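Encoded as structure tokens, the structure appears first; notes follow it.
The values are calculated or read from the model by the stated rules, or taken from the named source; none is laboratory data. Since we're looking at a predicted model, the values are computed, not measured. Ideal geometry is used to build each Cβ from the backbone, glycine not excepted, and the neighbour counts take in all protein chains shown. What goes into the accessible areas is simple: the full protein's heavy atoms, side chains included, and nothing from ligands, DNA or RNA. Shrake-Rupley method; radii C 1.70, N 1.55, O 1.52, S 1.80 Å.
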Amino acid sequence: MIHKYDVALVGGGITGLMAAQKLSDIGMRVVLIEKHATFASGPSTRNEGWLHRGTYHAASIRDRATALQVASRCIYGHEQLRRFSPEALEDIDVKPLVLIRAEDRVSEVVSRWDEAEVRYRPISLSAAKARIPAANFDNAAAVFEADDVSLNTRLLYRKLHALARKAGCDFFVGAEILRIEGQAATIKDMDGRINAVEAQKFVYSAGTGAKSAFQEYHNIELPIRYWKSHLVVTKRLASAGVFYVDAHEAAMMHHGQMSIVGLNEDAMLCHAPSYDVVPDRAQNLRNAIRRIFPDWIGEDAVDIACTKVDLVSDTDSARSLNIAIREPKPGHICVLPGKMTEAPYLTDVLTSYLHHHLDDSPISMRPCDEFVREEAPLKVA
Ligand SMILES: Cc1cc2nc3c(=O)[nH]c(=O)nc-3n(C[C@H](O)[C@H](O)[C@H](O)COP(=O)(O)OP(=O)(O)OC[C@H]3O[C@@H](n4cnc5c(N)ncnc54)[C@H](O)[C@@H]3O)c2cc1C
């Protein structure tokens, strides 16, 4: 039997699940094919769970224009997820503290925040100290409160999955795509049955698997790079999240009784995605945590690593910071969010594009649709 769809999504991390929910919700016939037995087994759950609100990226990306663009996409994603899944927000009653170490950057950072419409409130060092006595703020030139928040990614994905299913999306989980020819895929499902799936568009929301998917199914080499980053998972360090915006300093978010801490700008280029911890890098992160929490020993803590990806043609461009959408082969689209927080923006651009190209809805054309029917370009990065 041949299963026919408008869109086949390859990969069920945040991008695939969110696209499945949005596309099904506007009446498209959608199937999501995930190779693992559970959804989002990679970076989409193996991360800090930091729902950014532009605070970090407006400040930390060197180029001001790129910083403001990424920040505005993070704000877009942040606001959308706050509305869509408020139950998945954690610690909403405690605002995290933002630290700036470099005194000569404070006014530039604040002016970027103002331009990007990042919400922040300066607080004194003594007020910060009173709030988190265990923290050392001596290295900080300025402290602020921000609206960034922790996200329970599993709860968000559960909702996306449930709503997509309710709207008619089909799922193959634990499934292997044996081959893709034209607009038809041959899929071995988790029971070993062979299925034929046809779709007008294939969308590769495969994250770290996107490069090998295009190699294997289409013999196309995408300029995708892999960047490894480390995290420490430890018992809750303080009553509020704390993060520096400076390079090589720590950024900490909370999830219940646990804190997850990352190191700013620690991403290292690697040849293949892996979870192997690089001891020196993990140690750098532990040292950065001790610069904020000098008494932290970290005996109970666990070092983990994960890999993110970016799609670049220009190797000097910022790494894994921005979204990318490409159609390297007609009918086959690669989508990478840069960050979880940018998935709402990415999937909205994707939804609009697919609506334009697969439009069979019973809605009258607008004059601009009637008179301008040329191809809209699909290249966002
Ligand atoms: C250490 C680290 C910390 C991070 N922290 C944050 C953070 O705090 N906040 C934030 O906003 N972003 C963060 N990010 C970035 C964010 O995690 C990723 O950008 C995002 O999760 C990517 O989601 P995705 O759905 O595109 O890809 P993925 O999460 O990689 O999901 C891809 C899915 O596709 C499946 N798949 C792959 N190949 C195939 C195939 N051939 N067939 C079928 N299925 C396939 C995989 O099994 C997987 O389920 C972090 C990333 C890392 C590495």
Could you grab me the full set of residues in segment 28-65 that are in contact with a Cys (Cβ under 6 Å, 6 or more places away or on another chain) and surrounded by fewer than 23 Cβ atoms within 10 Å (Cβ to Cβ)? Pro43, Arg46
Given Ala343, Ala288, Ala305, which one is open to solvent by less than 70 Å² (accessible area, probe 1.4 Å), at pLDDT 85 or above, touching a strand residue (DSSP E or B) at 6+ places or on another chain (Cβ under 6 Å) and within 21 Å of Gly209 (Cβ to Cβ)? Ala305
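Looking at Val143, Val106 in this structure, which one is in contact (Cβ under 8 Å) with a residue 24 or more places away in the chain and under 14 Å from Val242 (Cβ atoms)?
Answer to the check: Val143.
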Within segment 207-235, the count of residues that are within 13 Å of the ligand (Cβ to nearest atom) and free of Cβ contacts under 8 Å to residues at least 24 places away in the same chain comes to 3
Residue pairs, Cβ under 6 Å, 6 or more apart or interchain, first in segment 55-82 and assigned by TED's automatic domain parsing to the domain that holds Asp93, second in a helix (DSSP H, G or I) and modelled with pLDDT of 95 or more. List them. none
Failed criterion for His271 (all others in (1) farther than 19 Å from Phe144 by Cα; (2) within 11 Å of the ligand (Cβ to nearest atom) hold): (2)
May I ask you to verify whether Ala175 is assigned by TED's automatic domain parsing to the domain that holds Gly338, in contact with a strand residue (DSSP E or B) (Cβ under 6 Å, 6 or more places away or on another chain), closer than 30 Å to Arg281 by Cα and within 11 Å of the ligand (Cβ to nearest atom)? no
Just the residues that are of a type outside the set (A, V, I, L, M) and farther than 12 Å from Asp170 by Cβ, please, taken from segment 13-29. Gly13, Thr15, Gly16, Gln21, Lys22, Asp25, Gly27
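When you scan segment 165-187, how many residues do you find that are of a type in the set (Gly, Ala, Ser) and assigned to a strand (DSSP E or B)?
Count: 2.
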Could you grab me the full set of residues in segment 18-77 that are over 24 Å from His255 (Cβ atoms), touching a strand residue (DSSP E or B) at 6+ places or on another chain (Cβ under 9 Å) and of a type in the set (A, V, I, L, M)? Ala19, Ala20, Leu23, Met28, Val30, Val31, Leu32, Ile33
Would a scan of segment 264-286 turn up a residue that is among the acidic types (Asp, Glu) and part of a strand (DSSP E or B)? no
If you go through segment 66-104, how many residues are over 19 Å from Leu346 (Cβ atoms) and open to solvent by less than 70 Å² (accessible area, probe 1.4 Å)? 11
Find all pairs meeting these conditions: Cβ atoms under 7 angstrom apart; at least six residues apart or on different chains; first residue within segment 180-206 and aromatic (Phe, Trp, Tyr); second residue open to solvent by less than 10 Å² (accessible area, probe 1.4 Å) and more than 16 Å from the ligand (Cβ to nearest atom). Phe202/Gly331
Residue hits (segment 207-256; open to solvent by less than 10 Å² (accessible area, probe 1.4 Å), part of a strand (DSSP E or B) and out of contact with any helix residue (DSSP H, G or I) (no Cβ under 9 Å at 6 or more places or on another chain)) are Met253, His254
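On the basis of being within 25 Å of Tyr244 (Cβ to Cβ), of a type outside the set (Asp, Glu) and over 16 Å from the mean Cα position of the chain (by Cα), does Ala59 make the cut?
Criteria met by Ala59.
Which residues, taken from segment 180-206, are in contact with a Ser or Thr (Cβ under 7 Å, 6 or more places away or on another chain) and surrounded by 14 or more Cβ atoms within 10 Å (Cβ to Cβ)?
Ser205
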Filter result (farther than 19 Å from Arg225 by Cα and surrounded by 15 or more Cβ atoms within 10 Å (Cβ to Cβ)) within segment 262-280: Gly262, Leu263
If a residue must be under 15 Å from Arg290 (Cβ atoms) and either among the charged types (D, E, K, R) or within 19 Å of the chain's Cα centre (by Cα) (or both), how many such residues does segment 236-249 contain? 1
